[in-house]
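Here is the structure we will look at, set down as structure tokens.
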Amino acid sequence: MPRLLLAEDDADLGPTMRRALEMEGYVVDLVTRGDDACAAARADNYDVILLDIGLPHGSGIDVLRSLRAAKNATPVIIVTAFDRTQQRIAGLDAGADDYVVKPVDLDELAARVRSQLRRRDGRGNEQLTIGAVTLDFAGNVVTLDGQVVPLTAKEHRLLALLMRRARRFVSKADLEAELYDQDNWAESNTVEVAISSLRRKLGRDFIRTARGLGYMVGAQAA
């Protein structure tokens, strides 16, 4: 389940944004100060950070610069009432990935978060290794103990998403959405069938299941 850090000091808007994003299925940590935002980003790994510029005890721009100076590449969306072109440029130049101007349309905000999650999942290394399984994104090749394992397109897409989010549970809905983009629709048991096939090919314990949470790789099965 993706985890978001929301830094917003407005006593009404902050909780409203948090509730709206939680209804989209995200875990949301809300802070109201710039220094608290920096501390939270250092202490935890977030999938997306939403920053108000006008925070007390360290502006959103200061927080953003601090994160980027520390090589923190977490996607950042600036959410602010400042809508001048120069202010937008300053935010983007400081390392922001997107910029949303208040008043915030909550549906649009959720869509922009989804966009950053998709982009994030496409970033990073061209090769990932979890245990004995290696996925080469450049060549679309999966190997187990160095031996190539043939996968269907559906299996490859699901495995890629699970490995990019290693050691975190990925919900069935997120996996279905990954297949929806490809096939325009997915039958109710498509994910279960693909997961079962992946276990046969990669080892029964490679993918862990937890009722109500979803599927995870990179952790020993309970």
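For the reader, a short list of remarks on this structure follows.
- Percentage relative contact order, segment 1-160, counting C-alpha pairs under 8 Å, at least six apart: 15 percent
- Computed from the C-beta positions of D12 and N189 and an R0 of 45 Å, the FRET efficiency is 0.55 to the nearest 0.05.
- The fewest-to-most ranking of I61, I130 by surrounding Cβ atoms within 10 Å reads I130, I61.
- Average projected area [Cα convex hull, segment 51-135], square nanometres: 7.2 nm²
- Dipole magnitude of segment 126-181, debye to nearest 20 (Cβ charges: Lys/Arg +1, Asp/Glu -1, about Cα centre): 220 debye
- Qualifying trypsin sites (Lys or Arg not before Pro) for segment 1-92 [loop in DSSP, other Cβ within 10 Å: at most 12]: K71, R84
- Phi-based couplings in Hz for segment 13-18 (Karplus 6.51, -1.76, 1.60; Gly and Pro marked x): 5, x, x, 5, 5, 4
- Dipole moment magnitude, nearest 20 debye, segment 24-86 about Cα centre, only Lys, Arg, Asp, Glu C-beta charged: 320 debye
- Basic side chains Lys and Arg get +1 at the Cβ, acidic Asp and Glu get -1 at the Cβ, and with that the dipole of the chain about its Cα centre reaches some 800 debye.
- Normalised contact order of segment 127-217, rounded percent, pairs of Cα under 8 Å and 6 or more residues apart: 27 percent
- Proxy reagent accessibility, fewest Cβ within 10 Å first, across L198, L175, L117: L117, L175, L198
Taken together, the values in this text are just the output of simple stated rules run on the coordinates, not laboratory data. Remember, it's a predicted structure, so these values are computed and weren't measured experimentally. Ideal geometry is used to build each Cβ from the backbone, glycine not excepted, and the neighbour counts take in all protein chains shown.
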